[in-house]
Amino acid sequence: MELFEKLSQICMASPKPIVLMIDEVDSASNHQVFLDFLAQLRGCYLDRDDMPIFHSVILAGVYDIKNLKLKLRPEAGHKYNSPWNIAADFKVDMNFSAGQIEQMLEEYEREHHTGADLRRVAEEIYEYTSGYPWLVSAICRKMDEDMPEASQYAEQKNVWGREGVSYAVNMLLKTNLTLFDSMVRQLDRYPNLKAAIEDILFCGKRIIFSPGEKSINPGMMFGYLKEQDGGVTISNRIFEMYLLNLFATQESRSDAFSRGDSDRSQFIKNGRLDMDLVLRKFVEYFQDIYSEKDEKFLETYGRKIFLLYLKPIINGTGNYYLEAQTRDARRTDVIVDYRGEQFIVEAVV
């Protein structure tokens, strides 16, 4: 109780009400010390008329408040009438618009004089990030600090353009980031969420948005998924690219991945990707191996097989993502970026 006595003294001395915010609650809720802390905090909050304490307590990063209540007070008679009963959504949109990204770039331009088309650069960054603040900042930092070390980007005018943004994204996806590490941990923790995301990306499955759908709720809370036109989609292109890379790498022992890896050398000519040859060779491979499969199999796995075949061919140099407007059960446009060239592959199954 010594800690809470000190906290009470701070609250008493403060001229304004104090709000305590605790983040990553779900991650810490498996530790008994943290649960004991919350239980004591709950007791102090209930006794707030007798001792100065926090005006409000915010528990952030809680997937389901009921799970936390059961851990704190498992007895059936204590499940209700608790200060932890209320789970409030944070409704402020923290994402940047393309215009706000442009304003930040204008401040940078006044100091560095890159001569860039700031509106175009801002729109390109927004296309990759959907305004996700951390990703916007990370891309700009790569462009400012890391890219000038590459010979082709020694001059700033070569950095701040469409190709520069794409190069920065590739660098970002190759970096061991805590944001991506956290994503992998959460997918391991919620296998139903991982399966739902694989269905969206690989199978073109349309998942109708519903607040009660448990398989997607964690993804909505963590910001990996978002509601769009009544359905569920990946929050931004970088998350999609990372997840596609992750799932493909996890299936690197598959026949399609191995075949693409063995065919890889014939597709790169003078540093350029021969996409026409990639498609011809894939069709030959697909017909040899899967021509006798039924229509249901092809609809479910055809796109996945192509993406697994393509992954080792562009790995380390290029990336691919799915065009959201065409992502459905029958048709998907796969956008392939390779050394500044962009290819659009219409995949119909």
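The values are calculated or read from the model by the stated rules, or taken from the named source; none is laboratory data. Source: prediction; values computed, not measured. Positions of Cβ are backbone-derived with ideal geometry, glycine not excepted, and every protein chain shown enters the neighbour counts. The protein model used for the area step is the full one, side chains on, heavy atoms only, and it has no ligands, DNA or RNA in it. Shrake-Rupley method; radii C 1.70, N 1.55, O 1.52, S 1.80 Å.
So the values come out like this:
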| item | result |
| --- | --- |
| Exclusive hit being out of contact with any Leu (no Cβ under 8 Å at 6 or more places or on another chain) and at pLDDT 90 or above, set L298, L279 | L279 |
| Where I344 falls short, out of the listed (1) open to solvent by 70 Å² or more (accessible area, probe 1.4 Å); (2) within 19 Å of N245 (Cα to Cα); (3) at pLDDT below 80 | (3) |
| Members of region 253-279 that are of a type in the set (D, E, K, R), open to solvent by 80 Å² or more (accessible area, probe 1.4 Å) and assigned to a helix (DSSP H, G or I) | D255, R259, D261, D276 |
| Answer residue from region 157-210, given it is part of a helix (DSSP H, G or I) and touching a Pro at 6+ places or on another chain (Cβ under 7 Å) and is surrounded by the most Cβ atoms within 10 Å (Cβ to Cβ) among those | V159 |
| Cβ pairs under 7 Å, 6+ apart, first in region 42-59 and over 17 Å from E5 (Cβ atoms), second open to solvent by 60 Å² or more (accessible area, probe 1.4 Å) and assigned to a loop (DSSP other than H, G, I, E, B) | H55/P17 |
| Positions within region 7-37 being closer than 24 Å to M220 by Cβ and either modelled with pLDDT under 80 or basic (K, R) (or both), in sequence order | E24, V25, D26, S27, A28, S29, N30 |
| Contacts under 9 angstrom Cβ, first residue in region 103-128 being farther than 16 Å from A168 by Cβ, partner of a type in the set (K, R) and surrounded by fewer than 20 Cβ atoms within 10 Å (Cβ to Cβ), 6 or more apart | G115/K157 |
